[in-house]
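The structure under discussion appears below in the form of C-alpha cells.
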Amino acid sequence: MLTHVFDRGTLVVSLDRPIGIGERAAAALATEHLIRTCRPGTVVVKLGAPAVSPAGVSLMLRTQRLCRHWGIPLAVACAALPAQPLGAADHDGSHPPVYATVAQAVRGLSGHRQRERAAVRL
C-alpha cells in the first residue's frame, strides 16, 4: 500500500494506488510509525494519480496535521493536482505546497529550511 524512502533527512511516503476508507486508518498508522521511527527533517507525501481519492487526500491531510504538530515541514508531490509554489501556501500553513515531482518538492522544502535558518539568525 505505502512505500517509503528516507534519504538525507527527508522521508518520502508514496501512495501509488487507490485506498479505501477502511485502509486509510492502517495507512495513517503506518505513516505515523515511519515519521516517529525515521525522525525526518522534512516529509514529502507522493500521491500517484490513482491515489487521488477522498481516502488518499484524507491520508495526506492527516499526515500534514501530524507533521505540523511535530514542526516538520511537509510538501506534496502529485502530477495529478495543480502545482503551487511554496509561497502560495496559506500563512497559517493550512495547506501544504504541491509540486509535480518529488524532486521539486524536496528542492522546495530545502529552500524553506534555508529561509527558516536565516530567519533564526536574524
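Quick notes on this one:
- Matching residues in the range 62-88 - criterion: being open to solvent by 50 Å² or more (accessible area, probe 1.4 Å) and modelled with pLDDT of 90 or more: ARG62, ARG65, ARG68, HIS69, TRP70, GLY71
- Residue that is modelled with the lowest pLDDT, among those in the range 33-50 that are open to solvent by less than 30 Å² (accessible area, probe 1.4 Å), under 20 Å from ALA80 (Cα atoms) and among the aliphatic types (A, V, I, L, M): LEU47
- Among the residues of the range 42-67, those identified as part of a helix (DSSP H, G or I) and within 19 Å of GLY22 (Cα to Cα) are PRO50, ALA51, PRO54, ALA55, GLY56, VAL57, SER58, LEU59, MET60, LEU61, ARG62, THR63.
- Residues of the range 1-32 that are open to solvent by 10 Å² or more (accessible area, probe 1.4 Å), assigned to a helix (DSSP H, G or I) and over 21 Å from LEU109 (Cβ atoms): ILE21, GLY22, GLU23, ARG24, ALA25, ALA26, LEU29, ALA30.
The values are calculated or read from the model by the stated rules, or taken from the named source; none is laboratory data. Note that the coordinates shown come from a computational prediction; the quantities given were computed from them, not determined experimentally. Note that each Cβ is placed from the backbone with ideal geometry, even for glycine, and that neighbours are counted across all protein chains shown. Ligands, DNA and RNA are excluded from the accessible area calculation, which covers all protein heavy atoms including side chains. Shrake-Rupley method; radii C 1.70, N 1.55, O 1.52, S 1.80 Å.
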